[in-house]
Amino acid sequence: MRILVQKFGGTSLSTDEARKLVIQHINRERQRQYGLVVVVSAMGRKGDPYATDTLLTLIRNHGDSLPAKERDMLQGCGEIISAALLCSLLRAGDVPAIALTGGGAGIITDNQFGRARILEIRTDAILKALQDGQVVIVTGFQGVTESGDITTLGRGGSDTSATALGAALRAERVDIYTDVNGILTADPRIVKDARPLSVISYAEVGNMARQGAKVIHPRAVEIAQQARIPLRVRSTFSEDEGTLVTDTFDAAAKASSVRDRHVTGVAHVSGVTQITVQAQDGHTDVQLQVFQAMARHQISVDFINVNPGGAIYTVFDHDADKAVSVLHEIGYAPRAVSGCAKISVIGGGMNGVPGIMARIVEALTEKGIPILQSADSNTTIWVLVQECYMASALQALHAKFSLHE
């Protein structure tokens, strides 16, 4: 049996009109003789009645004393409502369908409530339903422990559910439906001439997701890459095929009209603070002391540069005061620059190519944008700028590498 996993996000399920389009996408793939597993998120976003953030606000406004296990019981409700509603709509249209919770679908996790990891997926219930000709609707974002407690998978959990199910079922493909038409070269709210990409590699989209692009969660990409299952990111509100995520040298990519490119896209993360710590006279363990202190206080660090004289790194703005206070407590006088943005230039073809950094510096210098810090890997070059320059930096880099073409 050819199996296809479809995942629909909250905006795809939030209105009657959107749900009609979801059913059209399901029926189109049924006509192509796929066995369908449909993973759903909670309907809508914060403020909508059944959105997860709305449910959590209910608790915050009424005591805010719910333990993690019970909080996961609450957080799983939105997906259950979506699955039941979609099942009803399909059956009303004479489409055989069954709705399963994460646990009912065989998703077994550890007991790290709120950020559970999938241990295994027992596919018997899904396969039986598929063999019976049913569309199998599965609640995303959740699983169950061996003892039967509901768990949630953390941010991006529905994407993770979809790709994990795709891997376990040896699906032909996983389609991620969202409210944008695939993966774009930049955030279209900032870069007006950002364009959709037809094909992109797992490594490239994983880096774009980690560096601020919100179309798909990097954890989901990693699972798909390990299982070598193609992903397609597409819009619920269009028949366009969106972006295919696969290996660069996969046959699907070879067959497409993708030109060789050094840079694939630009992404950004705003709201970060740069912290600089200088070593004290005679002290050679500044890096050890600094990062042990950050770890003890559960402060996430990023964009790390170390040298014999000290360390430079970033934290989120909401952790900055705490980080500075901790450093003062251990005897350092850090310098903090708040309100920064991390800009990422991403491309699988930049490795070993001279001149990429020169063009980045040229683009930003032409716009009078100071670079506070930089770092690089095989597929990404990062620069830190003040957040007031973020939009100009993204636009300048997008133009410099002709990503609009």
Practice prompt. Note down the accessible area of E366, probe 1.4 Å, to the nearest 10 Å².
Written response: 120
Discussion item. Distance between the C-alpha centers of the range 52-110 and the range 376-405? Whole Å please.
Written reply: 39
Item to complete: Averaged over every viewing direction, what's the projected area of the C-alpha convex hull for the range 1-151? Give it in nm², one decimal, please.
Response: 8.9
Response to the item:
In this structure, the FRET efficiency calculated for T15 and C388 from their beta-carbon separation, with R0 = 30 Å, to the nearest 0.05, is 0.25
Worksheet, complete the sentence: Ranking E120, E29 from most to least accessible area with a 1.4 Å probe gives E120, E29
Worksheet item: How much accessible area does E146 have with a 1.4 Å probe, in Å² rounded to the nearest 10?
Response: 120
Worksheet entry | Distance in nm between pseudo-label sites at D281 and A227 (7 Å out along the Cβ direction from Cα) | 6.1
Response to the item:
Restricting to lysines and to Cα separations under 20 Å from K192, and discarding same-chain partners fewer than 8 apart, the set is K214, K342, K367, K400
Worksheet item: Considering amide H positions built from the backbone, and no H for Pro or chain starts, which residues 5 or more places from V38, or on another chain, come under 5 Å of its amide H?
Response: Q6, V136, I137, V138
Worksheet item: Does the range 285-344 classify as rounded, prolate or oblate by the C-alpha gyration tensor (a ≥ b ≥ c root eigenvalues; a/c under 1.5 gives rounded; else a/b over b/c gives prolate, otherwise oblate)?
Response: oblate
Worksheet entry | Relative contact order of the chain, pairs being alpha-carbon contacts under 8 Å that are 6 or more residues apart, as % | 13
Response to the item:
Convex hull around the C-alpha positions of the chain: the volume in Å³ per residue is 160
Item to complete: Set the Förster distance to 22 Å, then compute FRET efficiency between L58 and R115 from the Cβ-Cβ distance, nearest 0.05.
Response: 0.55
Worksheet item: Put K192, K20 in order of accessible area, largest first, 1.4 Å probe: what do you get?
Response: K192, K20
Fill in: Relative compactness, the range 159-251, computed as alpha-carbon Rg over 2.2 N^0.38 Å
1.01
Worksheet item: Which percent, nearest 5, of DSSP beta bridges in the chain are antiparallel?
Response: 60
Fill in: Among L36, A68, A125 the positive-end extreme of the charge dipole of the range 1-158 (Cβ point charges)
L36
Worksheet entry | Heavy-atom SASA rank of T163, T52 (probe 1.4 Å, accessible area, largest first) | T52, T163
Practice prompt. Assuming a ≥ b ≥ c are the square roots of the Cα gyration tensor eigenvalues, decide whether the range 266-405 counts as rounded (a/c under 1.5), prolate (otherwise, with a/b larger than b/c) or oblate.
Written response: prolate
Practice prompt. Keeping all protein chains in position, work out how much accessible area D376 exposes to a 1.4 Å probe, and write it in Å² to the nearest 10.
Written response: 110
Fill in: Net charge of Cβ neighbours under 10 Å - reference S12; Lys, Arg +1; Asp, Glu -1
+1
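The values are calculated or read from the model by the stated rules, or taken from the named source; none is laboratory data. As the structure is a computational prediction, the values presented were derived from the model and not from experiment. Backbone-built Cβ (ideal geometry, glycine too); neighbour counts: all protein chains shown. Calculation scope for accessible area: heavy atoms of the full protein, side chains included, ligands and nucleic acids excluded. Shrake-Rupley method; radii C 1.70, N 1.55, O 1.52, S 1.80 Å.
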